[in-house]
Amino acid sequence: MKPLPLAEIAIAPETVRRGLKRTLERSDPPQSILIVGSAGVGKRTLARALAAAWMCLRRTPAGHCQTCAVCQKWSEAGEHPDLRVLKPDPDQIKIDAVREVRQWGAFAPAVAPFRFVILEEAQRLNPAAANALLKTLEEPPPRYHFILTAPASDLLIPTILSRCRIVRLGTLPTEGVYNHLKQRFNLPDDTLQMLAEFSEGALGRAIRWAEHLQSAEPTSKGNPTRSELEALQQLIALFARLGQASLDEALRIAYEFREACKALEGGPEERSARTALALGLEYLLLWYRDSLALDYPTATLRFTSHRDELRQLAHRFKPTERLQDLMRIAEARRAILGNANAQIITEHLFIQLLRV
Ligand SMILES: [Zn+2]
């Protein structure tokens, strides 16, 4: 897909949008930008919009013009002679790929004033590739710029991080996602509400689901969007039991949790077993965060249609305990994304969460 102009993409929070617009008023792009944010929050879309804006000959704070000689070179597939995109292949970015884009830097840009390398999921650079990238960032070829994306900045080595200008994308409230979907899609209200709740405030993700649901036959089996949504529904049903489940059920719940996460593997985002489990734990984090937010009348909930089950959890465990649990879940997620044994970590976690 061709890049969208900056002004046409959903960017939250508003301060980030303003900051980016100001950046576009300068004569040169930052040497390296790192865009961080959760899945589906719009990192890839923004990376392309920014590259397109800087490459354009008639750039404005609203983004690229879509008509100049440089903009005309964008293919329907979103390729451009002055852009290279590196992504994990299949689950790592290797040194050869980094060397290749480094060699590409020896040539002058084809048509644009600047060349860009977009490095998606930069946290997947293997150590050798990360070192090679660092060398390029330290002594970049002229008119040669990088945009990196990653789920969180602390997943990158500090030496790379220190060379990047960091852009942190936030999420929209559930209601904001719902309203946006409602304007665009002709789907039942409860479906839209479910998509908004599951989107974690990542509009791009909710839109992708809605597009698939709208285009797919309602009864079609093996539809990846449908199975992803079903898996998420299973997860939420599982979390809803935590307010009542006894300690004996911890291992069973851990097992069901891992099974539901298995259904999140692959799919349009090509998740590995570990990233699928990590995603499941992110939803669990949101669930606990919501249970804490119940105490604050002005706080907004993600799972607005599950107030009763959230109250049950809040009734059972004190706020201090649930705060501690939040940290335990975050720790478990980090361990899973490292190399820890998924069964041991999840069993240990649910035993801790169901303490008597
Ligand atoms: Zn242009």
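The values are calculated or read from the model by the stated rules, or taken from the named source; none is laboratory data. Note that the structure is predicted; figures quoted are calculated from it, not measured. Reconstructed Cβ throughout: ideal geometry from the backbone, glycine too, with neighbour counts over all protein chains shown.
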Scan the stretch 56-67 and report the pairs whose first residue is in the same structural domain as Arg143 (by TED's automatic domain parsing) and within 11 Å of Ala7 (Cβ to Cβ) and whose second residue is more than 7 Å from the ligand (Cβ to nearest atom) and part of a strand (DSSP E or B), with Cβ atoms within less than 7 Å and a gap of 6+ or a chain change. none
Determine, yes or no, whether Asp82 is within 16 Å of the ligand (Cβ to nearest atom) and either free of Cβ contacts under 8 Å to residues at least 40 places away in the same chain or not assigned by TED's automatic domain parsing to the domain that holds Ile147 (or both). yes
Looking at (1) over 21 Å from Leu20 (Cα atoms); (2) in a helix (DSSP H, G or I); (3) at pLDDT below 95, which one does Gln72 not meet, given that it meets all the others? (3)
With Asp308, Asp295 as the choices, which residue is farther than 26 Å from Asp154 by Cβ and touching a Pro at 6+ places or on another chain (Cβ under 7 Å)? Asp295
Conditions (1) at pLDDT 95 or above; (2) assigned to a helix (DSSP H, G or I); (3) out of contact with any Asp or Glu (no Cβ under 9 Å at 6 or more places or on another chain); number of the one not met by Ala7: (1)
When you go through Leu242, Leu203, Leu229 one by one, which is the residue that is buried (at least 21 other Cβ atoms within 10 Å of the Cβ) and assigned by TED's automatic domain parsing to the domain that holds His306? Leu242
Before we move on, is Ala51 within 18 Å of Pro29 (Cα to Cα) and either part of a helix (DSSP H, G or I) or within 15 Å of the ligand (Cβ to nearest atom) (or both)? yes
Just the residues that are in contact (Cβ under 8 Å) with a residue 40 or more places away in the chain and under 20 Å from the mean Cα position of the chain (by Cα), please, taken from the stretch 289-325. Leu301, Arg302, Phe303
Determine whether the stretch 160-170 contains at least one residue that is part of a helix (DSSP H, G or I) and in the same structural domain as Leu20 (by TED's automatic domain parsing). yes
May I ask you to verify whether Ala97 is more than 16 Å from the ligand (Cβ to nearest atom), outside any strand (DSSP E or B) and small (Gly, Ala, Ser)? yes
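Let's see how each residue does on (1) within 16 Å of the ligand (Cβ to nearest atom); (2) surrounded by 20 or more Cβ atoms within 10 Å (Cβ to Cβ); (3) among the β-branched types (Val, Ile, Thr); (4) touching a residue at least 60 places away in the same chain (Cβ under 8 Å):
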| site | (1), (2), (3), (4) |
| --- | --- |
| Lys21 | no, no, no, no |
| Ile33 | no, yes, yes, yes |
| Ala39 | no, no, no, yes |
| Cys71 | yes, yes, no, no |
| Gly78 | yes, no, no, yes |
| Gln103 | no, no, no, no |
| Ala106 | no, no, no, no |
Please find, within the stretch 167-180, the residue that is modelled with the highest pLDDT out of those that are surrounded by 15 or more Cβ atoms within 10 Å (Cβ to Cβ) and farther than 20 Å from Ala330 by Cβ. Val167
